[in-house]
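All remarks here apply to the structure that follows.
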Amino acid sequence: MFCFQCSETMKGTGCTVKGVCGKEPEVANLQDLLIWILKGTSFWGVKAREVGINDSDTGLHIAEGLFTTITNVDFDPVSLGKKIDKALAARDRIEVMFRESFKRVHDKEFDGEVPEACTWRVSGGLDVYEMKGAEVGVMDTRDEDIRSLRELLTYGLKGIAAYTDHAYILKHSESSILDFLQEGMAACLDDSLSADDYVSLVLRAGEYAVKAMALLDEANTTSYGNPEITSVYTGTLEGPGILVSGHDLLDLEELLKQTEGKGINVYTHGEMLPANAYPNLKKFNHLKGNFGTSWYNQQKEFEEFGGPILMTTNCIQKPRDSYKERIFTTGLVGWPGVAHIPNRMDGKQKDFSRIIEEALKIGDIGARPGKTIVVGLAHDQLSKVSDKIIDAVKSGAITKFVVMGGCDGHSKEREYYTELAEKLPDNMVILTAGCAKYRYNMLDLGDIGGIPRVVDAGQCNDSYSLVVTALKLKDAFGLDDINDLPIEYDIAWYEQKAVAVLLALLYMGVKGIRLGPILPAFVSPNVLKVLVDNFDIKPITTAEEDLKAIVG
């Protein structure tokens, strides 16, 4: 195996024996094979559009497959084997559709050369899949810079796919995003493309990352209303409880409906915290608040919670024996030996009866004290106080905004974000989205004229709200360049959705981003030079040193 797609990859270079995330070599190789087959499927999808075939099912399959391979989603080899079977069927289906249409249009059979990923099929099950995956992984691209750009593109596509898949679940889709996923994946098979061609595709990925986040924002707000400023309790109450982690709001809604009137309290965890601010979710009286913090603390927090846990998306870690019998996965998430709740069928809700029964069997999880934190400051709420914000900037009450969105993780270097938040002057406001917020959202940083000094826009995809807010401020101040705003960018990354957010910022022309806790291992020195020369990307240093630059 070789994997370097997350910030915690071994020694900052790559995992080769076992993933730091807990991914076994077998799983890594199966994921690499799935990605390779998706590239082949995308090749046929692009070709099909050239002869008038626009098949949304193929695009959605690509999105779902990419999401599956995001860090901390599916660790189950049996599950991955089934997804590879499905991927091969989807690839063969779109190939047949293309060939039939090509013959109708050109009155001849298609006889062009195609990459092996478009045709490979060998029976033999998981063992054969794993062996082939070991051949076609990351290192199959020999040129370091082309490999770097292909992986940067692929990881950005994974993030776009995740947001697009969430929107589709809420019945919102956009064909141009699905088409670009296929274009980008197919390009990774094209050895005729130059480094400049891939740089162009990477920047276009930023454009589609913005579109995907906008699509998901529309899906979430159409389904659940615009988030409202909401105080969320972080303790637990007496009585049975279920803890919901991940990002999938529809899973949470259906669970809330099925637990209504049963005496079960429901709590969010990790990136599900922002759900407490949506009107059509907070209306459920038994949604009691948020327990716990970021994903990397889940083993301790899930053990302590005492009740059943529902993992709706990433990030799952290896469950401890103390709670392995009461954690449930659903959607694309999988872990060997963990109970899985099947997908919706025939337009019906998912059946959460097993986790509900478990909650009732366990009974009282006990009351724990907690504090109250404020969420729900997405672009709609901020627009309602935009005059107040603008006046505060003009008067000097607010001197700068510091965007500290992104991901959290294990590394000690992430304490930088807590330290920086504590050291920022009282006239500066933190803008955040994603689980990076847990490094400072429990700090008592106060407010500026009623504007909280930690403005929490929501989940990682709600970085879109920060984009909208920045653009509105640019217009309000009559500026031509977004970089003239009093905004600094200190982005924390861990996995591939954060890569999509980063590419979105680059597409918007944002310069001077500080990226931490370390620069991505998949970015080669030459590719890094392009990013530095064109966008002034730099690594974080120390809180003290970066504070000087921010204040200055």
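The values are calculated or read from the model by the stated rules, or taken from the named source; none is laboratory data. Quantities reported herein were computed from a predicted structural model and do not represent experimental measurements. Neighbour counts run over all protein chains shown; Cβ positions are idealised from the backbone, glycine included. Heavy atoms of the whole protein, side chains included, go into the accessibility calculation; ligands, DNA and RNA do not. Shrake-Rupley method; radii C 1.70, N 1.55, O 1.52, S 1.80 Å.
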For the range 385-528: accessible area per residue (Å², 1.4 Å): 34 Å²
In the range 267-316, trypsin sites (Lys or Arg not before Pro) in a DSSP loop with at most 12 other beta-carbon atoms within 10 Å: K283
When the convex hull of its Cα atoms is projected in every direction, mean area for the range 214-271 (nm²): 4.7 nm²
Size descriptor, Kirkwood hydrodynamic radius, that averages inverse alpha-carbon separations across the range 513-552, Å: 11.0 Å
Lys pairs, the range 40-165 - Cα-Cα below 19 angstrom, 8 or more residues apart or on other chains: 7
Tensor-based shape of the range 66-144 (alpha-carbon gyration tensor, a/c under 1.5 rounded, otherwise prolate or oblate): prolate
Value of Rg/Rh across the range 253-301 [Cα atoms, Kirkwood radius]: 0.99
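Let me have the 222 nm mean residue ellipticity of the chain computed from DSSP H runs of 4+ only, each contributing -39500 (n - 2.57), with the sum over all residues rounded to the nearest 500.
Roughly -14500 deg cm²/dmol at 222 nm, from the helical runs in the chain.
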Pairwise centroid distance, computed over Cα atoms, of the range 59-83 with the range 204-232, Å: 23 Å
Order of exposure, largest accessible area first, which applies to R354, R150, R49 with probe 1.4 Å: R354, R49, R150
Sulfur and carbon atoms: percent of accessible area, the range 312-402 [1.4 Å]: 51 percent
Solvent-free Debye scattering, log10 I(q)/I(0), computed from the Cα coordinates of the range 297-425 at q = 0.16 Å⁻¹: -1.02
Dimensionless Rg over Rh [the chain; C-alpha; Kirkwood]: 0.96
Evaluated at q = 0.13, 0.17, 0.19, 0.25 Å⁻¹: base-10 log I(q)/I(0), Debye formula over Cα of the range 158-220: -0.36, -0.56, -0.67, -0.98
Long-range amide H partners of D74 with built H, under 5 Å: G334
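From largest to smallest, what semi-axes in whole angstrom does the range 376-445 give when each is the square root of 5 times an eigenvalue of its alpha carbon gyration tensor?
24, 15, 8
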Farthest positive-ward along the range 23-98 dipole, Cα basis, beta-carbon charges - from V73, N54, A90: N54
Whole-angstrom Cα spans of the range 367-410 along principal axes, big to small: 44, 27, 20
Paired Rg and Dmax values of the range 101-168, which use every Cα atom, in angstrom: 17.1, 42
Histogram of C-alpha separations across the range 141-297, 10 Å bin width, %: 10, 32, 25, 18, 11, 3, 0
For the range 51-208, accessible area per residue (1.4 Å probe, heavy atoms of protein chains only), Å²: 43 Å²
Over 22 Å (Cα to Cα) - which of K497/K548; K171/K211; K288/K318; K171/K350; K474/K511 fall in this group: K497/K548; K288/K318
Whole-number D in µm²/s for the range 468-552 (Stokes-Einstein; Kirkwood sum over Cα pairs; 25 °C, 0.890 mPa s): 176 µm²/s
Three-way shape label, the range 283-359, alpha-carbon gyration tensor, a/c 1.5: oblate
Share of carbon and sulfur in the accessible heavy-atom surface of the range 102-230 [1.4 Å probe, %]: 46 percent
